[in-house]
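Engineer: Can you read through this structure? Questions will come right after.
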Amino acid sequence: MKSYYVECSVSFTDNSENEPCKMEEIYSFIVESKNKKQGKADAEIRGIEEFENDLGKGNEDVKLVIDAFYETCSGARAN
């Protein structure tokens, strides 16, 4: 297994107030995967999971963009 550092941004529309508001959150984490292609797929899933764990479900227009993705050493940590 290889370790990959991921930094992604998730943009969304927050409808919790009277007027919808466009917002963005940034997440960074490490994924373990057999190869780069699978690692990116895992990163997309993990990014949405991080977002939903952080802010819950129910936001609209949720879009994830991987801003940084590269192989790192085993045991690496993301801030």
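Engineer: Out of everything in the stretch 21-59 that is among the β-branched types (V, I, T) and part of a helix (DSSP H, G or I), what residue ends up being farthest from S9 (Cα to Cα)?
Structural biologist: Looking only at the stretch 21-59, we keep the residues that are among the β-branched types (V, I, T), and these are 26, 30-31, 45, 48.
So of that shortlist, the ones also part of a helix (DSSP H, G or I) come out as 45, 48.
Values: I45: 13, I48: 10 Å.
Looking at the filtered set, the residue picked out is I45.
Engineer: May I pose another question? Hey, E17 hits all of (1) out of contact with any strand residue (DSSP E or B) (no Cβ under 7 Å at 6 or more places or on another chain); (2) among the acidic types (D, E); (3) assigned to a helix (DSSP H, G or I) but one; which does it fall short on?
Structural biologist: The number of the failed condition is (3).
Engineer: Q38 versus (1) of a type in the set (S, T, N, Q); (2) modelled with pLDDT of 90 or more; (3) in contact with a strand residue (DSSP E or B) (Cβ under 6 Å, 6 or more places away or on another chain): which is the lone unmet condition?
Structural biologist: (3)
Engineer: Among the residues of the stretch 23-33, are any farther than 18 Å from Y5 by Cβ and not polar (S, T, N, Q)?
Structural biologist: At the first step, the residues of the stretch 23-33 found to be farther than 18 Å from Y5 by Cβ are 23-24.
Subset that is not polar (S, T, N, Q): 23-24.
Checking the stretch 23-33: at least one residue is farther than 18 Å from Y5 by Cβ and not polar (S, T, N, Q).
Engineer: State all residues of the stretch 1-32 that are more than 11 Å from the chain's Cα centre (by Cα), surrounded by fewer than 17 Cβ atoms within 10 Å (Cβ to Cβ) and among the hydroxyl-bearing types (S, T, Y); if no residue qualifies, say none.
Structural biologist: S3, T13, S16
Engineer: Out of the residues in the stretch 37-66 that are among the charged types (D, E, K, R) and surrounded by fewer than 13 Cβ atoms within 10 Å (Cβ to Cβ), state the one that is farthest from K2 (Cα to Cα). Walk me through it before giving the result.
Structural biologist: Start the filter on the stretch 37-66 by keeping residues that are among the charged types (D, E, K, R), which leaves 37, 40, 42, 44, 46, 49-50, 52, 54, 57, 60-61, 63.
Pick out the ones that are also surrounded by fewer than 13 Cβ atoms within 10 Å (Cβ to Cβ) and you get 37, 49, 54, 57, 60-61, 63.
Numbers: K37: 12, E49: 21, D54: 26, K57: 31, E60: 33, D61: 32, K63: 26 Å.
In this case the residue turns out to be E60.
The values are calculated or read from the model by the stated rules, or taken from the named source; none is laboratory data. Since the model is a prediction, treat every value here as computed from it, not as a measurement. Virtual Cβ from ideal backbone geometry, glycine too; neighbours counted across all protein chains shown.
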